[in-house]
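K.L.:
To start, I am sharing the structure in question, which I have written as structure tokens.
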2 protein chains.
Amino acid sequence: MVYKCENEGGVPDVPSHRLDPIDRKILSELQADGRMTNVELAKRVGISAPPCLRRVRTLEEQGFIRGYHADVDPRELGFEVQVFAMVGLQSQAEADLSAFEERCRNWPLVRECHMLNGEVDFVLKCVAPDLSTFQTFLTSQLLTAPNVGSVKTSLVIRGAKDEPGVPFEVLEERLSKSA
Amino acid sequence: MVYKCENEGGVPDVPSHRLDPIDRKILSELQADGRMTNVELAKRVGISAPPCLRRVRTLEEQGFIRGYHADVDPRELGFEVQVFAMVGLQSQAEADLSAFEERCRNWPLVRECHMLNGEVDFVLKCVAPDLSTFQTFLTSQLLTAPNVGSVKTSLVIRGAKDEPGVPFEVLEERLSKSA
DNA sequence: CAGTTGCGCGCAATAATATTTCGCAAAAGC
DNA sequence: GCTTTTGCGAAATATTATTGCGCGCAACTG
């Protein structure tokens, strides 16, 4: 069970030590099927519905669960193209990094933006209805954005694995060892 | 509304042309909040609950919705490390590509695996509880896997954007132009 | 142009589910 | 050993999901 430590919006202390096996099972089940009914979930984790729902609410409030999303198929919707873009900036000053991140947040075609260590500064995951749409975005938006030095793009030929979230198996394994 | 063309498990013909504005709104709403109740969803898309639920079911069956997932916070759960790995193989024969993909599917730390064009063959998105766990995986699993030529890893310093799914705004814009 | 058919909507009824309330019991603290 | 705390579960209530019609509209047909 999650201990409701009210540390004023502060940083959580020791992450998953605050979760008991039932909480972890709940998270695992909801990660696999986010629309499961509460009664079904309760059945699976081995407690009755009311406490199960309380746990879910608490997990949501504490930020362990950030939200729920339908997993829509991009291809079926006409987004045929997926691209990874490796971006290098000219200046790595914090203000410039933030400015670029903010720009990414405003580009709908950019779904993910992660700052990296090493020679490349950012990796972007992009989707687009077709190649020409992406090319237009690339040349008229990304490449011409302030402070952008180099961009290397790679088209996704095919997806081999795309699992959401985290591997709970690894977490359990790890917790059983440290016990 | 989705036309229930029963083309025997075949490839869908013209993707989102089979979806009317209400269907797209449904997908958009469920992508943003996958646990929304059906009544709330119906209210938002402007129809009553029963037809709304029927549409959702159809969208699920037709594969537009692949599933629902709780979005759990990796950090809160003790997964402190996120890494992108660019992998080059020695042989790009189809059998060897497939073999590597299958291997990725069995590695829990690897959450995503995409085949790319260009010099790099695959990009992998990995998570791990800490750096040493990842290093162990890297050296004793990934680097020693058959046919793996080169691996360049980049640690994620910070995440700037991480939106699930597709930008419906782009889809709507596109459909309004072609009309 | 009236008749017919197919399709999707919404109303109303029913079945499930979510959510609240409350009392009890076990673990933690004193 | 006795409070205090914490979380469970049964029961009651409120919401929601789901099913079963009948209606209207638009396309097709004769």
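The values are calculated or read from the model by the stated rules, or taken from the named source; none is laboratory data. Keep in mind it's a predicted model, so treat the numbers as computed, not measured. All Cβ positions, even for glycine, are placed from backbone atoms using ideal geometry, and neighbour counts span all protein chains on display. Quick note on the areas: whole protein, heavy atoms, side chains included, nothing else; ligands and nucleic acids left out. Shrake-Rupley method; radii C 1.70, N 1.55, O 1.52, S 1.80 Å.
K.L.:
A:Ser154 passes all but one of (1) more than 8 Å from chain B (Cβ to nearest Cβ); (2) assigned to a strand (DSSP E or B); which number fails?
P.N.:
Checking A:Ser154 against (1) more than 8 Å from chain B (Cβ to nearest Cβ); (2) assigned to a strand (DSSP E or B), the one that fails is (1).
K.L.:
Taking A:Gly118 as meeting all but one of (1) modelled with pLDDT of 95 or more; (2) at the interface with another protein chain (Cβ under 7 Å from one of its Cβ atoms), write down the number of the exception.
P.N.:
Looking at each condition in turn, A:Gly118 falls short on (1).
K.L.:
I would also like to ask the following. Do we have A:Arg35 as more than 7 Å from chain B (Cβ to nearest Cβ), open to solvent by 40 Å² or more (accessible area, probe 1.4 Å) and either charged (D, E, K, R) or within 11 Å of DNA strand D (Cβ to nearest atom) (or both) here?
P.N.:
Spelling it out, it is not the case that A:Arg35 is more than 7 Å from chain B (Cβ to nearest Cβ), open to solvent by 40 Å² or more (accessible area, probe 1.4 Å) and either charged (D, E, K, R) or within 11 Å of DNA strand D (Cβ to nearest atom) (or both).
K.L.:
Separate question: Inspect the stretch A:67-89 for any residue being within 16 Å of DNA strand C (Cβ to nearest atom), out of contact with any Phe, Trp or Tyr (no Cβ under 7 Å at 6 or more places or on another chain), within 10 Å of chain B (Cβ to nearest Cβ) and modelled with pLDDT of 95 or more and give the result as yes or no.
P.N.:
Looking for residues that are within 16 Å of DNA strand C (Cβ to nearest atom), out of contact with any Phe, Trp or Tyr (no Cβ under 7 Å at 6 or more places or on another chain), within 10 Å of chain B (Cβ to nearest Cβ) and modelled with pLDDT of 95 or more, one finds at least one in the stretch A:67-89, hence yes.
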